[in-house]
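Remarks on the structure that follows.
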Amino acid sequence: MVKQTIQIFARVKPTVRKQQQGIYSIDEDEKLTPNLEIILPRDLADGFVNNKRESYKFKFQKIFDQGASQETIFENIAKPVAESVLAGYNGTIFAYGQTGSGKTFTITGGAERYSDRGIIPRTLSYIFEQLQKDSSTIHTTHISYLEIYNECGYDLLDPRHEASSLEDLPKVTILEDPDQNIHLKNLSLHQAATEEEALNLLFLGDTNRMIAETPMNQASTRSHCIFTIHLSSKEPGSATVRHAKLHLVDLAGSERVAKTGVGGQLLTEAKYINLSLHYLEQVIIALSEKHRAHIPYRNSMMTSVLRDSLGGNCMTTMIATLSLEKRNIDESISTCRFAQRVALIKNEAVLNEEIDPRLMIIRLQKEIQELKDELAIFTGEQRTEALSDAELLQLEKLITSFLDDQDPESRLEVGTDMRKIHHCFHHLKKLLNDKKIHGKSTVSCEIKDQDCQEPLKEEEYKKLRDILQQRDNEINILVNMLKKEKKKAQDALHLSSMDRSECRHSQSLPFPPGNPEGLRTLPSSAPKQIQDVSTFGYRSSLLHRKTGMREEMSLGRQEAFEIFKRDHADSVTIEDNKQILKQRFSEAKALGESINETRSKIGRLKEEITQRHMQQVALGVSENIAMPSMPDLLEEKLRSQLEEEKRRYKTMFTHLKALKVEIEHLQLLMDKAKMKLQKEFEAWWTEEATSLQVNSPAVNSLSHVKPFPQTPEFQQETSQPLFNKSNVNARKILPSPSPIPHSQEHNSTSASLESSVPERPASSVPLTGDSQTDSDILAFIKARQSILQKKCVTTTGA
Ligand code: ADP
Ligand code: MG
């Protein structure tokens with residue numbers, strides 16, 4: 001058992017503005033624990049925060065200042081936890097801090113650069129690397145990804161990929177067994193055999209998380225996400241299996257309700273989030289106080305799920321993410337205060353080992369066979385399942401002569417074969433019963449007589465009967481075990497065939513594999529719940545879904561999408577990543593070529609060495625001289641060249657492997673960015689379409705077209721008075737009653753602007769007569785007009 005308090009770390013997010021310096025300082029001179037001092041600016045100190053205290057000091061295991069890289073964070077915080085998980089202990093890393101302080105950046109990583117990948121991808125990489133190195137044990141890895149929003153759990157690894165809101169995802173509920181173990185019903189577990197498969201699952205979960213989030217419902221700041229790596233390992237031939245779970249948790253923003261101060265839907269969300277974080281705080285307070293008998297884990301789903309991580313069987317680490325800017329001072333202080341309490345909690349992690357009944361039976365069967373063989377050596381006869389008729393007859397004859405023998409010292413010799421001993425007793429019993437029926441009194445008299453004469457025999461009989469009973473029991477147990485096994489195998493066969501047909505519904509199993517309790521109670525449920533997501537399968541299906549969206553687009557919409565894409569802030573990132581990806585591809589290609597070259601070089605060198613060797617031998621034979629004892633210089637040279645090439649080969653191979661991971665990661669980042677773009681476009685488009693419908697044939701020409709969101713140009717524009725947020729209405733343009741006057745008007749108003757937008761003129765977009773497509777075209781035209789108009793204003797304004 002390992003007793004340890006929860007480890008706390010602080011990470012300070014880089015500030016945008018330099019003027020924020022002087023708000024905090026990190027004191028690492030002390031040999032003990034480093035200190036983070038938050039210094040209140042005078043205006044705040046005098047005001048609402050506190051009565052005149054000017055600085056606060058907080059101790060952390062380690063404090064990572066603004067410059068700390070993702071690599072440093074992984075090495076210092078996550079790697080030790082990953083190591084203990086590999087050793088068989090449960091681990092948890094959770095990030096806590098206000099929205100925007102860098103929780104997601106720390107746990108998952110940034111969406112732009114490969115070097116920005118966070119704890120999850122790095123830990124996966126590390127774990128798979130270690131597992132690959134350790135060939136002495138058999139491992140299996142499963143992944144689950146849970147989102148908790150408004151006290152409801154959702155399975156982010158829903159393989160249907162149809163979620164367009166959180167509610168579309170399978171709902172996960174909590175079950176508690178009589179031993180108070182928590183089980184998550186409906187949370188799917190996916191086997192991941194390689195790092196790549198695991199990364200794909202992370203990507204799938206993040207994509208579902210993103211898709212499920214609409215601008216109205218920024219779930220990510222109000223929900224908790226728990227990415228779990230389930231590891232099982234066992235030594236070959238052993239019946240003991242080790243299970244360990246690693247939870248990587250991105251908590252909801254910790255900002256206080258008072259500050260949100262909103263109503264309606266948002267209030268519900270704020271209330272829930274703050275409720276669940278409030279319950280987390282209560283659990284932590286209860287745990288940090290000595291002699292508290294009741295810990296209120298059950299008050300919220302998140303504390304129930306993380307029960308083991310908080311004061312239980314787990315090695316837990318907290319990362320306090322801080323955005324140390326003046327306006328965030330009070331939130332930062334409250335994050336640090338929370339961390340100080342968390343640091344008081346003691347956990348007791350134990351190795352999670354259990355005996356797998358299936359493996360135990362196999363072992364016992366083997367043992368029985370060995371004992372049988374051993375027995376055969378002693379008795380000189382091979383044991384079969386049952387005695388043959390001839391043997392039985394022989395035994396019965398022996399019994400008869402034994403009973404007939406008047407010598408009180410006579411013995412019934414049947415050897416050590418338990419089957420024969422059993423049969424003798426059965427037969428004797430039968431004889432006794434038969435006699436009872438025919439002449440009860442005589443028999444009893446006789447027995448009584450015998451009893452008096454030979455009290456020792458009764459004792460012996462009793463002993464033998466006990467042995468017999470014991471053996472009988474043993475045999476019964478083994479027979480039952482075998483029967484159960486057989487039945488289980490049949491069940492599994494049956495289930496797997498059922499699974500294939502109704503895969504989806506089988507998800508509602510209460511116990512995930514890898515959970516000791518689950519395995520103990522429902523050993524056959526494991527194969528049912530695991531769903532193999534082949535990397536290729538779902539990526540292509542995501543892709544299909546994306547292209548499907550594009551195929552459905554009408555011409556106008558497609559064109560609008562092109563502009564939207566071009567002007568979107570993320571397009572720069574996508575382009576950048578595309579370039580990096582291209583570069584990496586050509587690097588990988590070149591490396592692949594070099595590797596192939598080296599490989600053939602190695603082959604050639606080997607051949608040369610063999611030839612040289614043979615030459616030397618042949619020379620020795622033909623000249624009839626013994627092999628020279630001096631080493632052959634040429635051969636040695638060839639050998640050292642070979643070693644050199646082998647080293648080169650290995651280095652390049654490792655490099656290529658790393659490149660492959662990077663390429664895969666970059667592709668995932670790009671896919672994600674593209675999907676985000678598409679999603680934002682869809683949202684914008686739908687909004688436009690509804691506003692078009694709502695604003696029926698109306699007064700003026702130009703419509704209610706909002707600017708494309710996040711456009712760098714527009715962001716610049718919004719800083720100008722005409723286009724700041726409150727003035728949006730000033731630009732709102734009403735739709736025209738029909739397409740024709742509209743296009744006329746377009747032609748007349750924007751001839752001079754046409755050159756600034758290289759796209760096809762609106763009038764060349766054919767009207768199809770299909771109302772859906774036409775309204776698409778209309779929306780597009782209006783969108784473009786809105787862009788043009790803004791451009792016009794900007795140019796004239798500037
Ligand atoms: P949270 O999840 O706590 O709400 P995010 O992780 O989304 O916060 O971070 C908010 C923004 O700050 C993101 O754009 C993120 O990329 C950026 N960010 C956070 N931490 C860092 C960091 N250490 N270095 C660079 N950028 C960061
Ligand atoms: Mg976040």
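The listed residues are Leu146, Leu124, and the only one of them that is buried (at least 24 other Cβ atoms within 10 Å of the Cβ) and touching a Gly at 6+ places or on another chain (Cβ under 8 Å) turns out to be Leu146. In region 207-224, the count of residues that are at pLDDT 80 or above, among the aliphatic types (A, V, I, L, M), under 26 Å from the mean Cα position of the chain (by Cα) and within 29 Å of Ile329 (Cα to Cα) is zero. Of all the listed residues (Tyr89, Tyr96), the sole one being within 16 Å of ligand 1 (Cβ to nearest atom) and either in contact (Cβ under 8 Å) with a residue 12 or more places away in the chain or in contact with an Asp or Glu (Cβ under 7 Å, 6 or more places away or on another chain) (or both) is Tyr96.
Take Glu635 and tell me if it is open to solvent by 80 Å² or more (accessible area, probe 1.4 Å) and more than 26 Å from Asn200 (Cα to Cα). No, not satisfied.
Under the condition of being assigned to a helix (DSSP H, G or I) and open to solvent by less than 40 Å² (accessible area, probe 1.4 Å), which residue from region 43-68 is modelled with the highest pLDDT? Among them, the one singled out is Leu44.
Determine, yes or no, whether Ala349 is farther than 29 Å from Gly100 by Cβ and surrounded by fewer than 16 Cβ atoms within 10 Å (Cβ to Cβ). Steps first, please.
Values: farther than 29 Å from Gly100 by Cβ: yes; surrounded by fewer than 16 Cβ atoms within 10 Å (Cβ to Cβ): no.
When the stated conditions are applied, Ala349 does not pass them.
Reported count of residues in region 312-322, each being more than 22 Å from the chain's Cα centre (by Cα) and open to solvent by 10 Å² or more (accessible area, probe 1.4 Å), is 0.
Does Glu385 qualify as being among the acidic types (Asp, Glu), away from ligand 2 (no atom under 16 Å from the Cβ) and open to solvent by 20 Å² or more (accessible area, probe 1.4 Å)?
Values: among the acidic types (Asp, Glu): yes; away from ligand 2 (no atom under 16 Å from the Cβ): yes; open to solvent by 20 Å² or more (accessible area, probe 1.4 Å): yes.
Yes: the conditions hold for Glu385.
Taking region 99-112 as the range and being small (Gly, Ala, Ser), within 7 Å of ligand 1 (Cβ to nearest atom) and within 20 Å of Glu664 (Cα to Cα) as the test, only Gly110 passes.
Return a yes/no flag: does region 132-155 have any residue that is in a strand (DSSP E or B), within 14 Å of ligand 1 (Cβ to nearest atom) and either free of Cβ contacts under 8 Å to residues at least 24 places away in the same chain or touching a Cys at 6+ places or on another chain (Cβ under 6 Å) (or both). Reasoning before the result, please.
Of the residues in region 132-155, the ones in a strand (DSSP E or B) are 138-149, 152-155.
From the residues that got through so far, the ones that are within 14 Å of ligand 1 (Cβ to nearest atom) too are 147.
Next, only the ones that are either free of Cβ contacts under 8 Å to residues at least 24 places away in the same chain or touching a Cys at 6+ places or on another chain (Cβ under 6 Å) (or both) stay: 147.
Yes, some residue in region 132-155 is in a strand (DSSP E or B), within 14 Å of ligand 1 (Cβ to nearest atom) and either free of Cβ contacts under 8 Å to residues at least 24 places away in the same chain or touching a Cys at 6+ places or on another chain (Cβ under 6 Å) (or both).
The residue pairs whose first member lies in region 101-113 and is among the aromatic types (Phe, Trp, Tyr) and open to solvent by 20 Å² or more (accessible area, probe 1.4 Å), whose second member is more than 6 Å from ligand 1 (Cβ to nearest atom) and in a loop (DSSP other than H, G, I, E, B), and whose beta carbons are closer than 7 Å, counting only pairs six or more residues apart or on different chains, are Phe105/Gly118. Specify which of the listed residues (Ser55, Ser115) is away from ligand 1 (no atom under 16 Å from the Cβ) and of a type outside the set (A, V, I, L, M). The unique qualifying residue is Ser55.
Taking the conditions exactly as written (in contact (Cβ under 8 Å) with a residue 12 or more places away in the chain, loosely packed, with under 15 Cβ neighbours inside 10 Å, assigned to a helix (DSSP H, G or I) and not aliphatic (A, V, I, L, M)), does Arg341 satisfy them or not? Steps first, answer last, please.
Values: in contact (Cβ under 8 Å) with a residue 12 or more places away in the chain: yes; loosely packed, with under 15 Cβ neighbours inside 10 Å: no; assigned to a helix (DSSP H, G or I): yes; not aliphatic (A, V, I, L, M): yes.
Taking the combined requirement at face value, the residue does not satisfy it.
Glu269 meets each of the listed conditions (1) among the charged types (D, E, K, R); (2) in contact with a Lys or Arg (Cβ under 8 Å, 6 or more places away or on another chain); (3) away from ligand 2 (no atom under 16 Å from the Cβ); (4) at pLDDT below 85 apart from (3). Only residues that are closer than 21 Å to Glu147 by Cβ, at pLDDT 85 or above and either away from ligand 2 (no atom under 16 Å from the Cβ) or over 26 Å from the mean Cα position of the chain (by Cα) (or both) were counted across region 239-266, and they come to 3. Residues in region 69-97 that are within 25 Å of Cys314 (Cβ to Cβ), open to solvent by 20 Å² or more (accessible area, probe 1.4 Å) and either of a type in the set (S, T, N, Q) or outside any helix (DSSP H, G or I) (or both): Thr72, Asn76, Ala87, Tyr89. Within region 281-299, residues that are within 21 Å of Ala252 (Cα to Cα) and open to solvent by less than 80 Å² (accessible area, probe 1.4 Å) sit with their Cβ atoms under 7 Å from residues that are small (Gly, Ala, Ser) and not in a loop (DSSP other than H, G, I, E, B), at 6+ positions apart or across chains, in these pairs: Pro296/Ala286; Tyr297/Ser304.
For region 159-175, state whether one or more residues are within 16 Å of ligand 1 (Cβ to nearest atom) and among the charged types (D, E, K, R). I'd like the intermediate steps shown before the answer.
Looking only at region 159-175, we keep the residues that are within 16 Å of ligand 1 (Cβ to nearest atom), and these are none.
No, that holds for no residue.
The values are calculated or read from the model by the stated rules, or taken from the named source; none is laboratory data. As the structure is a computational prediction, the values presented were derived from the model and not from experiment. Please note: Cβ atoms are built from the backbone with ideal geometry, for glycine as well, and neighbour counts cover all protein chains shown. Please note that ligands, DNA and RNA were not included when accessible areas were found on the heavy atoms of the full protein model with its side chains. Shrake-Rupley method; radii C 1.70, N 1.55, O 1.52, S 1.80 Å.
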